[in-house]
1. Filter the range 201-243 down to the residues that are out of contact with any His (no Cβ under 9 Å at 6 or more places or on another chain) and either modelled with pLDDT under 95 or among the aromatic types (Phe, Trp, Tyr) (or both) and list them by number.
2. For the range 132-144, check the following and say yes or no: at least one residue is of a type outside the set (Asp, Glu) and in a helix (DSSP H, G or I).
3. If Leu6 meets every condition in (1) surrounded by 21 or more Cβ atoms within 10 Å (Cβ to Cβ); (2) at positive phi apart from one, which number is that one?
4. How many residues does the range 69-105 contain that are touching a Gly at 6+ places or on another chain (Cβ under 8 Å) and part of a loop (DSSP other than H, G, I, E, B)?
5. Which ones in the range 47-68 are over 12 Å from Val4 (Cα atoms), part of a helix (DSSP H, G or I) and either not β-branched (Val, Ile, Thr) or not assigned by TED's automatic domain parsing to the domain that holds Ala12 (or both)?
6. Under 8 Å between Cβ atoms, which residue pairs at least 6 apart in sequence (or on different chains) link something in the range 128-139 that is in the same structural domain as Phe230 (by TED's automatic domain parsing) with a partner that is modelled with pLDDT of 95 or more and of a type in the set (Gly, Ala, Ser)?
7. State all residues of the range 188-224 that are within 19 Å of Val153 (Cβ to Cβ), among the β-branched types (Val, Ile, Thr) and touching a residue at least 40 places away in the same chain (Cβ under 8 Å); if no residue qualifies, say none.
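The values are calculated or read from the model by the stated rules, or taken from the named source; none is laboratory data. Predicted model, so just to flag it, every value in this text is computed and none were measured. Note that each Cβ is placed from the backbone with ideal geometry, even for glycine, and that neighbours are counted across all protein chains shown.
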Amino acid sequence: MISVVLATHNEAHNITRCLDSVKDLADEIVIVDGESSDETVKIAKTFKAKVIETTNKANFHINKQMGIDQAQGELILQLDADEVVDAELAAFIKKTHHQLMQKKELADNQPVAWWIKRKNLFLGKFLTKGGQYPDPVIRLFVKGQASLPQKDVHEQMKVDGQIGWADGHLVHYANPTFQDYLRKFNTYTSFKAQQLADENLDITFASGFKYLFWLPLKTFFLMYFRHKGFVDGVPGFVFALMSGLHHSVAYLKYWEMEVAK
């Protein structure tokens with residue numbers, strides 16, 4: 001059995017495209033929905049998905065892991081609702097599952113999880129540089145061999161065993177508009193601000209310089225120059241710029257939290 005797992009919150013505009021790409025692949029679809037107020041759950045049920053309704057948590061990896069724990073398949077594919085499985089990746093997953101079922105037990109040198117390359121859409125362009133391609137993520141794994149640490153929104157799977165590379169891509173429609181990007185930017189910077197609060201970061205000249213100047217400049221130069229983000233034109237420039245500003249905005253939100261105490 002192949003299980004596809006998603007965690008969702010108000011993804012009605014994305015979820016049909018995502019589930020269409022796996023409807024002929026998945027034997028089971030598990031969706032953990034965090035208090036969606038749109039048609040997400042209704043659409044998911046048209047694909048015969050098992051829907052688990054819960055709260056919408058700041059760290060949505062908690063809900064992702066909840067779905068992983070509920071999945072029954074021997075092979076699990078964890079997706080975001082704004083991702084699409086291309087034909088080459090779908091064929092790889094089917095082949096991998098078939099090979100897995102032919103063996104009574106896993107060999108020591110056999111992969112139990114696989115990196116998948118992603119194509120990321122930003123300002124109407126799939127980015128090719130700036131550290132945004134191949135942007136590998138661990139999303140395919142043998143049940144019980146991988147899990148999410150649930151400590152950060154950008155963490156990778158923790159894998160107990162060998163990791164291989166999958167054929168094909170996830171096509172990631174993360175930011176079809178700049179408005180979508182800013183919405184997620186706001187969510188991620190608020191999450192980072194709370195992490196700084198949990199760490200009891202001292203608000204000093206040194207920490208201010210680090211988060212308001214040094215980290216933004218370092219991030220921009222690494223992405224735009226070292227990783228050749230300039231090849232992607234204006235989208236590459238804006239993505240590098242906003243990635244750097246992530247540090248500044250998170251720090252300012254943390255500063256505001258401390259002042260309000």
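1. Phe205, Phe209, Phe213, Phe220, Phe221, Tyr224, Phe225, Phe230, Phe237, Phe239
2. Pass one, the range 132-144, residues of a type outside the set (Asp, Glu): 132-134, 136-144.
Going one step further and asking which of them are in a helix (DSSP H, G or I), we end up with none.
The answer is no; no qualifying residue exists.
3. Checking Leu6 against (1) surrounded by 21 or more Cβ atoms within 10 Å (Cβ to Cβ); (2) at positive phi, the one that fails is (2).
4. Count: 1.
5. Result: His61, Asn63, Gln65, Met66.
6. none
7. Matches in the range 188-224: Thr189 only.
Table: residues versus (1) loosely packed, with under 14 Cβ neighbours inside 10 Å; (2) closer than 30 Å to Leu106 by Cβ; (3) not acidic (Asp, Glu).
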site	(1), (2), (3)
Gln156	no, yes, yes
Asp160	yes, yes, no
Phe185	no, no, yes
Thr189	no, no, yes
